[in-house]
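As structure tokens, the structure follows; a few thoughts come after it.
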Amino acid sequence: MTDAASAVSSGGATAPSLVGLTRPELTAAVAALDVPERQRNMRVRQLWRWMYNRGASGFEEMSDLGKDLRGRLREGHSVARPAIATTQKSTDGTIKWLLRLADGNEIEMVYIPDQEHGALCMSSQVGCTLNCSFCHTGTMPLVRNLTAGEILGQFMLARDCLDDWPTDVSQRKISTIVMMGMGEPLLNYDNVAQALNIVMDGDGIALSRRGITLSTAGLVPAMERCGRELRVNLAVSLHAVTDEVRDVLVPLNRRYPIAELMRACRDYPSANNARRITFEYVMLQEVNDSLEDARELIRLLRDLPAKINLIPFNAWPGAPYECSSNNRIHRFAKLLNDAGYSAPIRTPRGRDIMAACGQLKSASEKIRAAAR
Ligand code: SAH
């Protein structure tokens, strides 16, 4: 591991950020600065373009706003992103950032490069309430929802760090977003939706909904809303094929058992063959990886436009599970392939820096846990 850990402090307190505000909220903000009503739409349009087309990180460069308005904006506002606490670079190119929020809480964000483009894995909450027994994030005691600005701010910051502000979407390093970091995005639906709607806005960042995947542990009632309103790609953390096992791995299953979850998947509006639902399945030795499990998985997914992502379990200190053996993973995958399903075995990325799935957990939290 080439640990490029660089401790950067957030400096002093920053004024509240305009990043993440909706157009009506921005309009209200400029109105409060005494911008005359007939100018407000124009000012909002200008701000929007500076923030989301150019990636402006301060008001000074927003030349067409006028000196006077820039000054008034600076007094009570900023376009700040979350602060970087540390940066770690994996030998495979994956970059993990520990970010510090204005209230001192910390979250993680991961960039996973591919041949030409890459994916940004963003967090939706500080910690997570779901307590999935194999997930490290679930052991964090502290939980709060991220604001829309903190969610969108991750994306803005990653583009700053990667020098990735070309307007042309096809030339960007970050071409996809996966809501697969810390937290359950559907438990923070409104803020996630607000951030993603800004990301998809054609006058700004303009990332297509096809480039965005939201992963859920199966919050059934919110899945319907997500499909109807946001229409982004859906990934479902299935991980087990019987309620008995899934109740333990993903305790949310006790509220929304597998049959209900599968019904919600069938009803997911964007689910057709062009946009299949991804089912994530973590491979845990002798827990969920038998051939019988694979057969049941095929039965569950029958008639569903689905692909399966097999995730070798990423161990973390004190984890009560082991990763399935290569043999078991491959025979599981083969059965699915033979049944016509695409079931790639996900190569773990950034394992050396604990940036792989389920390993995200803030460093400070680790220190606190160690102290206990
Ligand atoms: N709460 C959402 C978003 C988190 S996504 C969800 O559950 O889908 C993170 C993905 O990594 C989920 O599929 C999660 O189940 C998986 N994961 C968690 N811990 C893991 C681990 N230790 N090894 C491999 N995958 C893990």
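The modelled label-to-label distance between residue 142 and residue 225, using points 7 Å beyond Cα along the C-beta direction, is 2.7 nm. Debye-formula intensities of segment 18-76, expressed as log10 I(q)/I(0) at q = 0.15 Å⁻¹, are -0.37 (one equal scatterer per alpha-carbon, no solvent). The magnitude of the dipole of the chain, with charges of +1 and -1 set on the Cβ of Lys/Arg and Asp/Glu and taken from the Cα centre, is near 400 debye. Using C-alpha pairs below 8 Å separated by at least 6 residues, the relative contact order for the chain is 15 percent. The fewest-to-most ranking of 87, 129, 94 by surrounding Cβ atoms within 10 Å reads 129, 87, 94. For the chain, the residue among 258, 350, 167 whose Cα projects farthest onto the positive side of the dipole built from Cβ charges is 167.
Cα-based radius of gyration for the chain, normalised by 2.2 N^0.38 Å, reads 1.03. Counting other Cβ atoms within 10 Å as a rough exposure proxy, the listed residues 323, 128 run 323, 128 from fewest neighbours to most. This model, with +1 at the C-beta of Lys and Arg and -1 at the C-beta of Asp and Glu, gives segment 156-220 a dipole about its Cα centre of some 220 debye. For segment 152-189, the residues whose amide N sits under 18 Å from a probe point set 7 Å from the Cα of residue 210 along the beta carbon direction are 168-178.
Our estimate of slack between residue 67 and residue 49, defined as 0.36 nm per intervening residue step minus the Cα-Cα distance, is 4.7 nm. Restricting attention to the chain, the count of lysine pairs at 8 or more positions apart or across chains with alpha carbons under 21 Å apart stands at 7. For segment 201-255, a/c is not less than 1.5, where a ≥ b ≥ c are the root eigenvalues of the C-alpha gyration tensor, and a/b tops b/c. That puts it in the prolate class. When the Cα gyration tensor is reduced to axis lengths a ≥ b ≥ c, the ratio a/c is 1.5 or higher for segment 66-201, and with a/b not above b/c it is classed as oblate.
Counted residue by residue at 0.36 nm each, then reduced by the alpha carbon distance between them, the extension gain from residue 247 to residue 292 reaches 14.4 nm.
Size descriptors for segment 121-240 (Cα atoms only): Rg and Dmax, in that order, 14.3, 42 Å. Stretched out straight at 0.36 nm per residue, the stretch from residue 115 to residue 260 would grow longer than its current Cα-Cα span by 48.4 nm. Annotation: the antiparallel percentage among DSSP beta bridges lying fully within the chain is about 50.
Projecting the Cα positions of 329, 128, 187 onto the charge dipole of the chain (unit charges on Cβ atoms of Lys, Arg, Asp and Glu, taken about the Cα centre) puts 187 furthest along the positive direction.
By the count of neighbouring beta-carbon atoms within 10 Å, fewest first, 60, 280 end up ordered 60, 280.
We did not get these values from a lab; they are worked out from the coordinates using the rules stated. The structure displayed is predicted, hence computed values, not measured ones. Don't worry about glycine lacking a Cβ; one is built from the backbone with ideal geometry, like all the others, and counts go over all protein chains shown.
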